[in-house]
Amino acid sequence: MDLNDRKKDVIRETDAEAIRLAKTLIRSARFGALAVIEPGTGSPLASRVGVATDIDGTPLILVSMLSAHTGAILADPRCSLLVGEPGKGDPLAHPRLTLACRAARLERGSNEHAHAERRYLNRNPKAKLYAGLGDFSIFRLELERASLNGGFGKAYLLERADLVTTAPIVEELAAGEQSALDHMNADHSDAIAVYARHFAKAAGDGWVVTGFDADGMDLALGDDVCRVFFPERLRTARELRHVLVDMAKTGRVAD
């Protein structure tokens with residue numbers, strides 16, 4: 001067996017469990033390592049950046065135009081983003097995901113920018129201190145493919161379609177997402193506590209919802225975050241309310 005055959009044997013067949021883990025890593029990321037191509041030298045350059053996701057699952061970054069990595073992606077949009085936080089013990093035993101992307105700067109004042117900024121600041125509220133400064137820009141990291149390492153002997157290759165939602169529900173949810181978030185966080189903190197405790201097995205009180213998408217919702221408690229998946233992917237935005245009610249009922253009965 002030659003080396004190429006051995007490499008192929010390392011990669012497992014992508015299944016629903018791998019896709020779910022990859023989506024969890026993306027949606028749960030508060031930061032990541034951004035790798036870019038340094039202008040002039042062509043050398044690799046890595047830097048830590050704050051991360052959020054758009055409703056469709058595309059990573060969002062908010063970066064200063066004065067940063068070296070920003071100049072690099074403006075010169076060459078090819079980049080990669082590594083997400084996945086290590087826990088106790090061997091850091092290489094914890095899952096991580098490398099995303100191959102092309103960075104696209106969003107024009108300030110556009111609807112797309114306003115939507116992405118709202119999503120980013122919901123996830124990273126401390127960024128409000130500098131998000132409005134003229135030298136900061138939001139980029140969508142348009143995903144092309146991904147490599148998932150779920151731990152020893154658990155390597156997978158994923159395509160854009162595995163991780164990014166392109167159905168009409170993306171725009172439907174975007175239109176009413178903020179009002180739904182405000183309503184849930186203001187009036188249904190008890191239900192959010194159930195989602196965190198029962199579905200995410202997360203401890204603590206005071207969780208808030210920071211984002212909805214077709215697959216689930218993102219919760220935050222200070223610097224802690226967790227991901228809660230819906231029992232089934234939403235087909236229309238109208239299903240969101242019913243699913244949230246049913247999940248709250250299910251969690252209360254189980255508890």
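The values are calculated or read from the model by the stated rules, or taken from the named source; none is laboratory data. Owing to the predicted nature of the structure, the values given are computational and were not obtained by experimental measurement. Every residue, glycine among them, receives a Cβ derived from its backbone with ideal geometry; neighbour counts consider all protein chains shown. Heavy atoms of the whole protein, side chains included, go into the accessibility calculation; ligands, DNA and RNA do not. Shrake-Rupley method; radii C 1.70, N 1.55, O 1.52, S 1.80 Å.
Within segment 184-202, does at least one residue satisfy the condition of being closer than 28 Å to C101 by Cβ and within 15 Å of the chain's Cα centre (by Cα)? Within segment 184-202 (the criterion being closer than 28 Å to C101 by Cβ and within 15 Å of the chain's Cα centre (by Cα)), the answer is no, since none of the residues qualifies. Filtering segment 117-129 to residues that are open to solvent by 50 Å² or more (accessible area, probe 1.4 Å) and hydrophobic (A, V, I, L, M, F, W, C) leaves only L129. A Cβ distance below 8 Å, combined with a sequence gap of six or more or placement on separate chains, defines the contacts here; from segment 26-46, residues that are of a type in the set (F, W, Y) reach residues that are outside any strand (DSSP E or B) in the pairs F31/V51. If I filter segment 130-153 for residues that are open to solvent by less than 20 Å² (accessible area, probe 1.4 Å), farther than 23 Å from R12 by Cα and in contact with a Gly (Cβ under 7 Å, 6 or more places away or on another chain), do I get at least one hit? No, there is no match, as no residue in segment 130-153 is open to solvent by less than 20 Å² (accessible area, probe 1.4 Å), farther than 23 Å from R12 by Cα and in contact with a Gly (Cβ under 7 Å, 6 or more places away or on another chain). Here is a check on your reading of the model: is A93 over 16 Å from D135 (Cβ atoms), in the same structural domain as I26 (by the TED database) and either surrounded by fewer than 18 Cβ atoms within 10 Å (Cβ to Cβ) or of a type in the set (D, E) (or both)? Yes; evaluated as a whole, the condition is true for this residue. Tell me yes or no: at least one residue of segment 198-209 is open to solvent by 20 Å² or more (accessible area, probe 1.4 Å) and in contact (Cβ under 8 Å) with a residue 40 or more places away in the chain. Within segment 198-209 (the criterion being open to solvent by 20 Å² or more (accessible area, probe 1.4 Å) and in contact (Cβ under 8 Å) with a residue 40 or more places away in the chain), the answer is yes, since at least one residue qualifies.
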